[in-house]
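These notes are about the structure you will find just below.
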Amino acid sequence: MQPRLTSSSSLALTGTVILWASAFPAIRVGVDGLGVQALSFSRIAIAAVALLLVAPFAKVRMPRRGDLPLIALCGATGITAYQLLLNWGEVEVAAGTASLLIAIVPAFSVLLGSLVLKERLSRGIVLGSVVALAGAAVVSMAEGVGGFTPSALVVLAAAVAQGVYHVATKPLLRRYTGLEVATYAMVAGTVLALPLAPAAWHAALRAPADALLSAVYLGLLPSALGFVIWAYAVARLPLAASTAALYLVAPVTLLISFLWLGEVPHLIELAGGAVSVAGVIMINRRAPGRPTADRPETAQGENARPGPHRIAEPVSGSGYAPAPAPAPIKE
């Protein structure tokens with residue numbers, strides 16, 4: 001039975017899409033006033049503090065010592081590197097265009113998973129990855145007044161970092177909840193970004209109010225609240241419904257960027273983005289009746305927690321994608 005559009009879970013899913021889509025134009029505002037380093041540190045530090053305040057109420061457990069290296073890798077790639085690269089890329093790349101490029105994260109995730117985790121690549125996954133990457137290439141070549149700009153490659157590097165994060169979180173999600181993994185990664189990313197703290201402090205002292213508000217907004221809403229309500233929605237909605245909703249992040253970003261920043265995407269960028277999303281849909285498609293062995297509800301492990309708490313697999317610095325197949329993100 002399909003969930004009612006007015007149900008709390010559907011509203012949470014809608015809120016997630018809007019929050020993650022709004023992060024891209026908010027980054028543009030924050031970068032202009034704070035700079036790449038200060039915005040990156042401020043956002044993840046604010047998100048980490050918010051998650052730590054929520055942790056006791058959500059019964060977040062302390063991680064095992066043996067998992068700390070993997071948690072550090074998650075923080076380094078999916079939090080610190082991702083934020084730095086995405087913010088750096090958005091210095092020149094339009095917010096809507098950046099969302100189209102980040103939408104190909106699942107392609108990198110499955111390809112890295114096949115190399116590191118020895119996951120089997122089906123024909124559909126391979127073809128979908130090729131299509132998604134081709135669409136990203138079209139978007140990259142269309143960006144900028146004269147065509148290609150190196151900043152598009154920086155955004156693609158952020159997508160690669162997020163792909164590494166996906167692969168690194170898989171073993172952790174067999175032992176911890178999605179909220180726990182996200183909290184561990186956010187705290188680890190903040191610790192690794194501490195060298196940026198002095199620059200962030202000095203930049204904040206002279207930054208305009210809109211940039212400071214942007215940093216607070218990014219940390220509290222897309223990065224912290226976004227994945228909390230995403231987790232709530234995924235625990236209560238069909239996997240296909242929650243995955244499909246994330247395909248709306250890039251289109252909603254384009255709309256918000258137009259209303260907020262006055263950005264108008266090129267037609268070729270829209271075409272390339274549509275191709276990338278089509279490729280991601282192909283990656284996430286599963287044959288009817290095919291078992292999903294890695295569903296979080298059935299994941300086993302010494303510390304696995306049953307029930308709706310094991311609900312989702314992190315996809316980005318600000319949110320989750322439903323397991324087993326990664327979905328387009330979010331910022």
Quickly rank 105-117, 19-31 as a protection proxy: mean count of other C-beta atoms within 10 Å, highest first.
19-31, 105-117
What is the spin-label model distance, in nm, from Leu194 to Leu255 if the labels are put 7 Å beyond Cα along the C-beta direction?
4.3 nm
Sort 183-191, 132-140, 260-268 by packing, meaning the average of other beta carbons within 10 Å per residue, with the highest value first.
183-191, 132-140, 260-268
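Arranged from highest to lowest average of other beta-carbon atoms within 10 Å per residue, in what order do the peptides 219-232, 269-282 appear?
Descending packing order for the listed peptides: 219-232, 269-282.
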Mind listing the phi-derived Karplus ³J(HN,Hα) values for the stretch 160-177, rounded to whole Hz, using 6.51, -1.76 and 1.60 with θ = phi - 60°, and x for any glycine or proline?
5, 4, 5, x, 4, 4, 4, 5, 5, 7, 4, x, 5, 6, 7, 10, 10, 6
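Bear in mind these aren't lab numbers, they're just calculated from the coordinates by the rules spelled out. Everything quoted here is computed from the prediction, not taken from an experiment. Reconstructed Cβ throughout: ideal geometry from the backbone, glycine too, with neighbour counts over all protein chains shown.
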